[in-house]
Amino acid sequence: MEVEEGNFDEAYDVYACMQCGKCTGSCAVSLRSDLNIRELMRIAILNENGELEKHEEIWDCTSCGICTVRCPRDLKPAEVIVGMRSSLVEGGTIPITVRDALESVGTNNNPWGRPKSKRAEWLEDLDVKVKNISEGEDAEYLLYIGCTASYDPRIQSVSRAAINVLTKLGVDFGILGEEEPCCGSEPRMMGETGLFEMLVEDNLNLFDEFSISKIITLSPHAYNTFVNDYPECAKRLKEDDAEIPDIELEVKHYTQILEELIDDGRLDGEMMNEFSETVIYHDPCYLGKRNNIFEPPRKILNIIPGARCIEFDRREDRSLCCEGGGGRMWAEGTGTGERNSIIRVNDANRDEATVIAVACPFCLSTLEDARATAGYEETMRVMDIFEILDEVLK
Ligand code: SF4
Ligand code: SF4
């Protein structure tokens, strides 16, 4: 929601905030940066928009959502940050790297500064044929790959694993190839409300053009925005007479589809080779805290023969954020001290995990970096659940 002239109360009901500080107390970023969400709520209550420019740490927020989960007044402090960023974007006071990422979404349809024509290059290394819905091929599901899994060489491996696994399991899916758009999740979290609205309008019309109503996402961020942000934004746009098709999307994160296959008896341990590893699952914020999806990834890992599944102390809605969300892939951040991702790989090492299993491209990226920085390259792997399945399925 765009906040005009600092009117945070109308947008976010901030006067209900009792300044208890539970939000700040739960914020892992506040331990190593000046980010203090309770103080920012106070600025919102006082409508002191002019103060925002002095708070560079607004860009440190990873949009993990734990402050919203913990707020005893059911407020949405994480959304207030998005509103504050929106004000800063309007005023042009944003970090250069964020500005470049947002401009790239406008020109290239991805925040990575890569040409649209290269979005489907990762397909070249595939052995299996995949349907392309944008070329007129019909499929039950669109497999929405997303910007990071399309362009980042490490994460492209997850896209290829997804194709291999879903094909082996007989799921009827297709992709959009070069025509796949940015979902808009990261631009929205970076406060670019206008750009997000434009993407919602364009994308819903694109889905309608290709009769897409069922979507599987690789990323919890895409899942979250399709499920939680698109309907409200589409409603607002319709009220403003925008041409929005009447389609109802059925969106699932891939772990939910795999869970369904397990429940239907189409995926079980007998279809897999042994995976003799100690596996620790890292809950992504956008799957767990924001959408209460905790069980499907665990169910999948638990049927893999030979895998010894263990848990972090901080798991499920207490899981430690990897700091990859909320536009943080493009904002340097003002924080000092140990990154959460380093703490996470150290915790995994202490628990003698040999594989950290993830289900989010940003978690894969941050934890991979941390694994190398912390010196665990020989003893530990970070793998997306799709990559594990691709390795074990017969
Ligand atoms: S937890 Fe909720 S009520 Fe308490 S300070 Fe934060 S936003 Fe205000
Ligand atoms: S969303 Fe997460 S990082 Fe941002 S203020 Fe809330 S707890 Fe801190």
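The values are calculated or read from the model by the stated rules, or taken from the named source; none is laboratory data. Being a predicted model, the structure only gives us computed values, none of them experimental. With ideal geometry, Cβ positions are generated from the backbone for all residues, glycine too; neighbour counts draw on all protein chains shown.
Of these, ASP347, ASP317, which one is more than 22 Å from GLU57 (Cβ to Cβ) and touching a helix residue (DSSP H, G or I) at 6+ places or on another chain (Cβ under 7 Å)?
Details: ASP347 fails: touching a helix residue (DSSP H, G or I) at 6+ places or on another chain (Cβ under 7 Å).
Sole residue among the options that is more than 22 Å from GLU57 (Cβ to Cβ) and touching a helix residue (DSSP H, G or I) at 6+ places or on another chain (Cβ under 7 Å): ASP317.
Restricting to segment 33-62, and then to whatever is surrounded by fewer than 18 Cβ atoms within 10 Å (Cβ to Cβ) and basic (Lys, Arg), can you tell me which residue is farthest from ligand 2 (Cβ to nearest atom)?
Going through the qualifying residues, I end up with LYS54.
In segment 362-392, how many residues are outside any helix (DSSP H, G or I) and either within 21 Å of ARG160 (Cα to Cα) or at pLDDT below 95 (or both)? Steps first, answer last, please.
We begin by selecting, within segment 362-392, every residue outside any helix (DSSP H, G or I); these are 375-384.
Subset that is either within 21 Å of ARG160 (Cα to Cα) or at pLDDT below 95 (or both): 381-384.
Number of matching residues: 4.
Looking only at segment 178-195, decide whether some residue is farther than 30 Å from THR62 by Cβ and of a type in the set (Ser, Thr, Tyr).
No, segment 178-195 contains no residue that is farther than 30 Å from THR62 by Cβ and of a type in the set (Ser, Thr, Tyr).
Among (1) more than 21 Å from PHE226 (Cβ to Cβ); (2) touching a residue at least 40 places away in the same chain (Cβ under 8 Å); (3) of a type outside the set (Lys, Arg); (4) not in a loop (DSSP other than H, G, I, E, B), where does GLY333 come up short?
Failed condition: (4).
Could you tell me whether segment 381-390 includes any residue that is within 30 Å of GLY191 (Cα to Cα) and either crowded, with 24+ Cβ neighbours inside 10 Å or of a type in the set (Phe, Trp, Tyr) (or both)?
Filtering segment 381-390 for residues within 30 Å of GLY191 (Cα to Cα) gives 384.
This time we only want the ones that are either crowded, with 24+ Cβ neighbours inside 10 Å or of a type in the set (Phe, Trp, Tyr) (or both), so: 384.
Checking segment 381-390: at least one residue is within 30 Å of GLY191 (Cα to Cα) and either crowded, with 24+ Cβ neighbours inside 10 Å or of a type in the set (Phe, Trp, Tyr) (or both).
Condition test on ARG38, is it within 9 Å of ligand 1 (Cβ to nearest atom), under 26 Å from the mean Cα position of the chain (by Cα) and among the basic types (Lys, Arg)?
Details: within 9 Å of ligand 1 (Cβ to nearest atom): yes; under 26 Å from the mean Cα position of the chain (by Cα): yes; among the basic types (Lys, Arg): yes.
In short, yes.
Would you confirm, using the coordinates I've provided, whether LYS54 is within 15 Å of ligand 1 (Cβ to nearest atom) and either touching a Ser or Thr at 6+ places or on another chain (Cβ under 8 Å) or at pLDDT below 95 (or both)? It would help to see each step written out before you state the result.
Working: within 15 Å of ligand 1 (Cβ to nearest atom): no; either touching a Ser or Thr at 6+ places or on another chain (Cβ under 8 Å) or at pLDDT below 95 (or both): yes.
When the stated conditions are applied, LYS54 does not pass them.
Matching residues to (1) assigned to a helix (DSSP H, G or I); (2) surrounded by 14 or more Cβ atoms within 10 Å (Cβ to Cβ):
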{"residue": "THR107", "(1), (2)": "yes, no"}
{"residue": "PRO111", "(1), (2)": "no, yes"}
{"residue": "GLU124", "(1), (2)": "yes, no"}
{"residue": "SER134", "(1), (2)": "yes, yes"}
{"residue": "SER159", "(1), (2)": "yes, yes"}
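Residues to consider are VAL165, VAL158; find the one that is touching a residue at least 60 places away in the same chain (Cβ under 8 Å) and closer than 15 Å to ARG119 by Cα.
Values: VAL165 fails: closer than 15 Å to ARG119 by Cα.
Of VAL165, VAL158, the one residue that is touching a residue at least 60 places away in the same chain (Cβ under 8 Å) and closer than 15 Å to ARG119 by Cα is VAL158.
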